[in-house]
Amino acid sequence: MLTETNVLNPHKWVTAYADYLYMYAIVRINDEDTAKDLVQETFLAALEKVDRFEGKSTERTWLTAILKNKIIDVYRKKSSGLAIASANKAAQEQDDFFEEDNGHWKAEYAPQPIAAMDDQDPLLKKELNSILQKCLQKLPALWNAVFTMKHIDDAATENICTELHVSQANFWVIIHRAKVNLRACLQKNWN
């Protein structure tokens, strides 16, 4: 049953939700034009599906769910055709970074301390977030998608594997490689 709080009002979507949806998309896509396009596509898809809205969620939640599916489509498109390295290559890379006997970092690859950050300083948080976004952009599209879905959206591993068509073994290899690359990028650019 629809209540007044969860009735659709498409005439107010742009005013009420465009900024929120854009920010949601830009954090996950890192491309202004694509984020804007996705918001527009979300509004169009919602208009086409307005008769399917059951009122079980708020308008904003419903629009965000549509946008989330569009973002996953972008991830799939960007990652399609990318070759995922074999488990043997991943094992070799593990040997490159970690000690064979105890699994600890090899001295030359061990993480370096990152400058301490005062939790109360919003400027430092903003700067770190900006650097993190730039580092994420440097990752291959599939790695970026997997890392973002796992650590920004808190999606379950099984869902990520299903949505992006990767095996669980490949998922863990990708997460590992993304973290190693992000760590190196942050160490180089944040101190």
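The values are calculated or read from the model by the stated rules, or taken from the named source; none is laboratory data. As the structure is a prediction and not an experimental result, all values here were calculated from the model. Here the Cβ positions follow ideal geometry from the backbone for every residue, glycine too, while neighbour counts run over all protein chains shown.
So is LEU47 closer than 30 Å to LYS138 by Cα, in a helix (DSSP H, G or I) and out of contact with any Asp or Glu (no Cβ under 8 Å at 6 or more places or on another chain) or not? Break it down into steps so the answer makes sense when it comes.
Values: closer than 30 Å to LYS138 by Cα: no; in a helix (DSSP H, G or I): yes; out of contact with any Asp or Glu (no Cβ under 8 Å at 6 or more places or on another chain): yes.
So LEU47 does not fit the description; no.
Pull up region 50-95, narrow it to residues that are closer than 19 Å to ILE175 by Cβ and not in a helix (DSSP H, G or I), then point me to the one that is modelled with the lowest pLDDT.
SER86
This table checks each residue for (1) over 20 Å from ALA155 (Cβ atoms); (2) aromatic (Phe, Trp, Tyr).
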site	(1), (2)
LEU8	yes, no
THR15	yes, no
LEU21	no, no
ARG28	no, no
VAL39	yes, no
THR42	no, no
PHE53	yes, yes
THR58	yes, no
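Select from region 124-160 the residues that are surrounded by 20 or more Cβ atoms within 10 Å (Cβ to Cβ) and at positive phi and list them in ascending order.
Selection gives nothing.
Report, by residue number, each residue of region 9-39 that is surrounded by 15 or more Cβ atoms within 10 Å (Cβ to Cβ) and over 17 Å from the mean Cα position of the chain (by Cα).
TRP13, TYR17, ALA18, ASP37
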